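To start, the structure under review is shown below, and the notes come after it.
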Amino acid sequence: MTTLMATILGAWFITLFLGPTLYALMGLAGFAFLVLAGIPGIVIPQKIAMAANSFPLLAAPLFILMGNVMNTSGISYRIFDFAKAVVGWMRGGLCQANIIGSVIFAGMSGSAVADAAGLGTVEIAAMKKEGYDAETAGAITAASATIGPIIPPSLPMIVYGVAAETSVGALFIAGVIPGLLMAVALMIMVRSLSIRQAMPRHPFEGFGELWRSFRRAFWAIVAPFLLIGGMFSGVFTPTEAAAVAVVYALVLGLFVYREFTWRDLPKLILDTVETTGVVMALVMTATLLGYCLTVARIPQEFGGWLTALSTNPLVYLLIVNVLLLVVGCFMEALAAMLVLIPILVPTALKLGIDPVQFGLIFVLNLMIGTITPPVGVVLFVTAKVAGVPFDRLARATLPYLWALIAVLVLITVWPAVTTWLPHLMLDK
Amino acid sequence: MPLLARAAARVVDALAIATFAGMFACVLAQVVLRYAFDRPLVWSDELARYLFVWCAFLGWIIAARRRSHLAISVLADRSGTRGRALFAIVASAAAFAFAVLLLGYGIQITARNLDIDTVALFFSFGVVYAIVPLAAFAVAVYAVVDAIAAWQQLRASEPP
């Protein structure tokens with residue numbers, strides 16, 4: 001049965017490039033296995049529908065709505081203005097502001113695509129106006145967008161937590177330090193590139209302007225602290241925190257900033273349901289495929305084969321990193337995650353690797369995959385926003401890739417970077 | 001026919017908004033009652049989950065209509081009009097095949113669950129599963145529509 005499933009997986013991977021929707025191919029691959037293995041097909045609707053029957057996963061649509069509300073309420077402008085006032089005076093200042101803006105935005109949004117398409121539109125327009133070329137603007141936008149799903153809230157981490165049976169709250173909190181490290185690594189890279197490419201710089205706008213932009217962005221800046229604080233004082237589960245966060249965002253948009261009215265809500269919700277449908281179609285069919293992998297004993301076979309090579313956790317992590325980086329180039333992140341979790345996680349746990357650290361490594365790898373060609377969702381969206389060809393943007397993003405990989409190496413070899421904060425805040 | 005399609009789309013949209021709002025209200029009610037009044041609801045968690053199942057499938061339909069489901073389009077993007085139409089036909093064939101499977105098995109599982117009770121709610125589990133064949137049917141229809149459009153494009157771009 002293992003060989004059968006491996007063959008099906010191979011065929012599935014090749015047909016992916018013919019362009020059918022990922023969910024349909026995952027569903028068909030699952031069906032093919034069930035039929036050939038003699039398992040009744042009624043398992044299909046059961047696995048698929050029950051994948052959505054999960055309270056933790058419910059946080060996903062709520063956070064998607066929150067991101068949509070935030071993007072509509074003009075918050076992206078306020079955040080970017082503030083970031084510009086803080087770091088705009090450096091050489092390559094708007095690149096730096098782009099990173100700082102992404103960090104703040106990441107505290108309210110859980111998706112790299114939302115960052116690239118929402119905040120990215122504002123950032124790229126401002127950078128072009130200031131004389132940056134479109135590649136430079138697009139590259140830093142795409143690279144910094146990957147911070148979004150590392151700093152909580154995070155869509156991929158919700159899905160990871162549910163699929164790998166790891167605490168979503170612990171994953172969220174574990175992402176804070178790596179997310180900030182990514183920002184630092186990117187800022188250092190911008191620093192060295194800006195000197196070499198003689199990027200423009202701004203005069204410092206003065207403390208008055210800094211204060212004014214801070215006040216304008218205040219409610220957006222404190223949002224992450226409320227969210228994280230509520231979740232980690234043990235008051236709310238991530239799902240409940242998400243619902244409260246949506247209320248916060250709605251109050252902000254409807255009454256404080258008044259950028260939209262009640263009449264805009266149906267469209268916002270409809271767009272949210274659409275995105276939920278796209279995400280859930282992947283989650284549901286990948287759950288089916290994951291079930292097939294388990295029935296076919298692929299995890300055991302793979303684990304046995306790997307542990308025969310070495311039982312050193314660091315060697316295993318190294319192999320996982322390389323595998324995920326390569327797969328990330330060719331696959332969409334959520335789908336890759338859901339298919340690989342049942343294969344890779346059991347062995348990691350058996351080798352004594354911390355489940356939270358492993359989750360962070362997993363998610364960061366696949367987020368890096370969103371900005372690598374040939375299949376990179378964030379790169380694709382950013383190329384459209386910036387109006388540059390995909391290939392040229394991919395090349396311009398390359399230096400930042402190294403910065404992100406440096407952070408990946410750090411969290412791989414040094415578990416405390418990801419495990420210290422969750423232990424500190426959750427083990428009382 | 002277009003009138004019927006538009007009407008069906010409006011029903012789906014309305015249901016989508018209603019299930020999402022219901023789900024959101026359930027979670028909020030749970031927060032408020034548990035923390036403010038210390039009286040947790042027994043059914044809010046369960047209802048929220050079932051509404052989410054519906055919401056996910058309704059979103060699936062909407063995404064099929066707006067053609068926003070994720071696909072790897074590297075090859076299609078690099079080919080001409082004819083190539084792209086061919087890729088689109090393959091894509092709709094896959095979507096159609098899976099939708100038909102889901103329709104058949106979806107009806108079976110709904111029928112089997114009609115007399116199985118939910119934990120704390122008044123309806124049977126069959127109601128939760130009923131959205132599977134409904135969504136599958138809608139997606140199958142959109143797949144056929146897409147295939148016809150791609151076919152026409154292929155015919156139109158045929159060299160004389």
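Taking springs between alpha-carbon atoms closer than 10 angstrom, which of A:GLY161, A:GLY148, A:GLY304 fluctuates most in the Gaussian network model of chain A?
A:GLY304
Can you tell me the accessible area per residue over chain A, all protein chains present, probe 1.4 angstrom, in square angstrom?
With the other protein chains kept in place, chain A gives 36 Å² per residue.
For chain A, which whole percent of the accessible surface, found with a 1.4 angstrom probe, sits on carbon and sulfur atoms?
Answer for chain A: carbon and sulfur cover 70 percent of the accessible area.
Could you tell me the calculated FRET efficiency between A:THR261 and B:TRP43, based on Cβ-Cβ distance and R0 = 22 angstrom, to the nearest 0.05?
Taking R0 as 22 Å, the efficiency between A:THR261 and B:TRP43 is 0.10.
What is the magnitude of the charge dipole of chain A about its Cα centre, with +1 placed on the Cβ of each Lys and Arg, -1 on the Cβ of each Asp and Glu, and no other charges, expressed in debye to the nearest 20?
Dipole magnitude for chain A comes out near 560 debye.
If amide hydrogens are placed 1.01 Å from N in the peptide plane, which non-local residues have theirs closer than 5 Å to the one on A:ARG201?
The answer is A:GLY92.
Roughly how many whole Å is it from the C-alpha centroid of region A:151-178 to that of region B:38-77?
Here the answer is 20 Å between Cα centres.
Would you mind classifying region A:163-294 by shape? Square roots of the alpha carbon gyration tensor eigenvalues, ordered a ≥ b ≥ c; an a/c under 1.5 is rounded, otherwise it is prolate if a/b is larger than b/c and oblate if not.
Oblate is the answer for region A:163-294, as a/c is 1.5 or above yet b/c matches or exceeds a/b.
To the nearest 10 degrees, how steep is helix A:416-426 against the longest Cα principal axis of chain A, on a 0 to 90 scale?
Here the helix axis deviates by roughly 90 degrees.
Over all residues in B:85-98, what is the mean tally of Cβ atoms on other chains that come within 10 Å of each residue's Cβ?
For this peptide, the per-residue mean of nearby foreign Cβ atoms is 4.
In percent, what relative contact order does region A:72-186 have, based on Cα pairs under 8 Å that are 6 or more apart in sequence?
26 percent
To test your reading of the geometry: what angle, between 0 and 90 degrees and rounded to tens, separates the Cα axis of helix A:355-369 from the longest principal axis of chain A?
Once rounded, the angle reads 70 degrees.
Trypsin sites (Lys or Arg not before Pro), restricted to region A:200-281: which are DSSP loop and have at most 13 other Cβ atoms within 10 Å?
Within region A:200-281, the qualifying trypsin sites (Lys or Arg not before Pro) (loop, at most 13 other Cβ atoms within 10 Å) are A:ARG258.
Would you grab the residues whose amide H sits under 5 Å from the one on B:ALA71? Only those 5+ places off in sequence or on another chain, please, with H modelled 1.01 Å from N.
It is A:LEU22, by chain and number.
Taking chain A as a Gaussian network, where each spring joins two C-alpha atoms under 10 Å apart, which residue of A:ASN98, A:ASN53, A:ASN365 fluctuates the most?
Top of the fluctuation ranking is A:ASN53.
Could you sort the peptides A:378-388, B:69-79 by per-residue average Cβ neighbour count (10 Å cutoff), highest mean leading?
Those peptides, ordered most packed to least, come out A:378-388, B:69-79.
Would you work out what percent of the accessible area of region B:82-144, with all protein chains in place, is carbon or sulfur (probe 1.4 Å)?
Its accessible area is 75 percent carbon and sulfur atoms.
In whole angstrom, and with the biggest value first, how far do the Cα coordinates of region A:211-277 range along each principal axis?
34, 32, 17
With just the Cα atoms of region B:1-155, tell me how far they stretch along each of the three principal axes, in Å, largest first.
Answer, in whole Å and largest first: 65, 34, 31 Å.
Report, as an integer, the average count of C-beta atoms from other chains found within 10 Å of each Cβ along A:279-286.
4
Average partner chain C-beta neighbours within 10 Å, per residue of A:260-273?
Mean partner-chain Cβ count within 10 Å for A:260-273: 4.
Over its Cα atoms, what ratio of radius of gyration to 2.2 N^0.38 Å does region B:84-160 give?
1.56
Provide the packing ranking of B:141-152, B:4-15, i.e. peptides ordered by the mean count of other C-beta atoms within 10 Å per residue, highest first.
B:141-152, B:4-15
Can you pull the semi-axes for region A:1-144, root of five times each eigenvalue of the Cα gyration tensor, sorted largest first, whole Å?
44, 19, 11
How many angstrom separate the Cα center of region B:122-160 from the Cα center of region A:186-260?
41 Å
Taking Cα centroids, how far is region A:273-301 from region A:350-427 in Å?
Here the answer is 22 Å between Cα centres.
Can you give the relative contact order of chain A as a percent, counting alpha carbon pairs under 8 Å and 6+ residues apart?
Result for chain A is 25 percent.
Say a paramagnetic label sat at a point 7 Å from the Cα of A:GLU209, along Cα to Cβ; which residues of region A:130-144 have their backbone N under 16 Å from it?
Under cut-off, by backbone N: A:130-131.
When the dipole is taken about the Cα centre of region A:235-335, and only Lys, Arg (+1) and Asp, Glu (-1) are charged at their Cβ, what size is it in debye, to the nearest 20?
Dipole about the Cα centre, nearest 20: 60 debye.
Please label the shape of the protein assembly as shown as rounded, prolate or oblate, based on the square roots a ≥ b ≥ c of the eigenvalues of the alpha-carbon gyration tensor (a/c under 1.5 means rounded; beyond that, a/b larger than b/c means prolate, else oblate).
Rounded.
For labels at A:ARG297 and A:MET50 in the simple 7 Å Cα→Cβ model, what's the distance in nm?
So the two model labels end up 2.3 nm from each other.
Which FRET efficiency value, to the nearest 0.05, is calculated for A:LYS129 and B:ARG82 with the Förster distance at 45 angstrom and r the Cβ-Cβ distance?
According to the calculation, E is roughly 0.65.
Among A:SER73, A:SER54, A:SER213, which one shows the highest mean-square fluctuation when chain A is modelled as a Gaussian network with alpha-carbon springs under 10 Å?
Of A:SER73, A:SER54, A:SER213, the Gaussian network model singles out A:SER54 as fluctuating most.
Nothing charged except the Cβ atoms of Lys and Arg (+1) and of Asp and Glu (-1): what's the magnitude of the dipole of region A:179-270 about its Cα centre? Round to the nearest 20 debye.
Rounded to the nearest 20 debye, it is 300 debye.
Roughly how much of B:LEU28 is accessible, in Å² to the nearest 10, using a 1.4 Å probe?
For B:LEU28, solvent-accessible area is about 50 Å².
Taking chain A as the reference, fit the longest principal axis to its C-alpha atoms, fit the long axis of helix A:93-106 to the helix C-alpha atoms, and give the angle between the two in degrees, 0 to 90, nearest 10.
50 degrees
Among A:ALA243, A:GLY229, A:LEU265, flag the residue with its Cα farthest along the positive direction of the charge dipole of region A:214-268, charges on Cβ as +1 for Lys/Arg and -1 for Asp/Glu.
Positive-end residue among those listed: A:LEU265.
Below 8 Å between Cα atoms, with a sequence gap of 6+, how large is the relative contact order for region B:1-153 in percent?
24 percent
The values are calculated or read from the model by the stated rules, or taken from the named source; none is laboratory data. Computed from a predicted model, the values in this text were never measured in an experiment. Positions of Cβ are generated from backbone atoms using ideal geometry, with glycine treated the same way; all protein chains shown enter the neighbour counts. Surface accessibility is based on the protein's heavy atoms, side chains included, excluding ligands, DNA and RNA. Shrake-Rupley method; radii C 1.70, N 1.55, O 1.52, S 1.80 Å.
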